[in-house]
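The values are calculated or read from the model by the stated rules, or taken from the named source; none is laboratory data. Bear in mind the structure is a predicted one, so any value in this text is a computation, not a measurement. Backbone-built Cβ (ideal geometry, glycine too); neighbour counts: all protein chains shown.
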Amino acid sequence: MSIKMDPRVRRTKAMFEEALLELMEEKDYKKITVREISERSTLNRATFYLHYYDKDELLEQMLQDALEQLRISVQVKDMEFKYDSENPHPIFIRLFNKMIEQSRFYKVMLVQEKVPYFTESVREIIETLVEKATHYMVEDKIEFKVPVEMSIAYITSAYLGVIIWWLKKDMPYTPAHMAKQLTRLSTVGPWLENPYQ
């Protein structure tokens, strides 16, 4: 059973998180100090140390919270899985919506690559999603022309690349549109008609 955080504590932590994110947009993380975080948040260092041991603990909590929210958003439900290249998959819509909700955070972490291991963690979440989808296909007796492991690696890298491109371009398309494109790319490809037939 989860314990609800006091609204005042939540607000204070959000202010420190926002301050750190702003500073990470401007400079290298290693050069950021607790004093700067406190000043940017308009709170004092004593308040900072009530909640965090150091800036690394603040960053780690931000990253872990974001990853947990992302994992929850892309959980596969049996009833959601269907083969339809013309309709956006609900999982992809949830994934893009989550990134819009925290677009500033994802731009700093994925586009600017301020914390490389975060990018790898996002890749692992996408890989798990692709593995589950592949599992459904194998169960439905759909045959692969390339090794399954290679297919999973290819699709995972493609998804992550498209997501980073979308964030880098300031999210020019809606989550539903992006979800539809990913669904189509991973089923029938980018062409109107297969040029190799």
- Task: Take Y106 and decide whether it is over 25 Å from E149 (Cβ atoms) and outside the structural domain of S157 (by TED's automatic domain parsing).
- Result: no
- Message: Would you confirm whether or not the stretch 155-177 contains a residue that is modelled with pLDDT under 85, surrounded by 15 or more Cβ atoms within 10 Å (Cβ to Cβ), farther than 30 Å from M15 by Cβ and of a type in the set (S, T, N, Q)?
- Response: no
- Item | Residues that are in contact with a Phe, Trp or Tyr (Cβ under 6 Å, 6 or more places away or on another chain) and farther than 21 Å from Q112 by Cβ, drawn from the stretch 152-182 | P175, A179, L182
- Message: Within the stretch 123-130, does at least one residue satisfy the condition of being closer than 27 Å to E60 by Cβ and acidic (D, E)?
- Response: yes
- Query: Just wondering, is there one or more residues in the stretch 106-127 that are touching a residue at least 60 places away in the same chain (Cβ under 8 Å) and of a type in the set (V, I, T)?
  - Reply: yes
- Just give me the residues in the stretch 27-39 being among the basic types (K, R) and part of a helix (DSSP H, G or I), in sequence order. K30, K31, R35
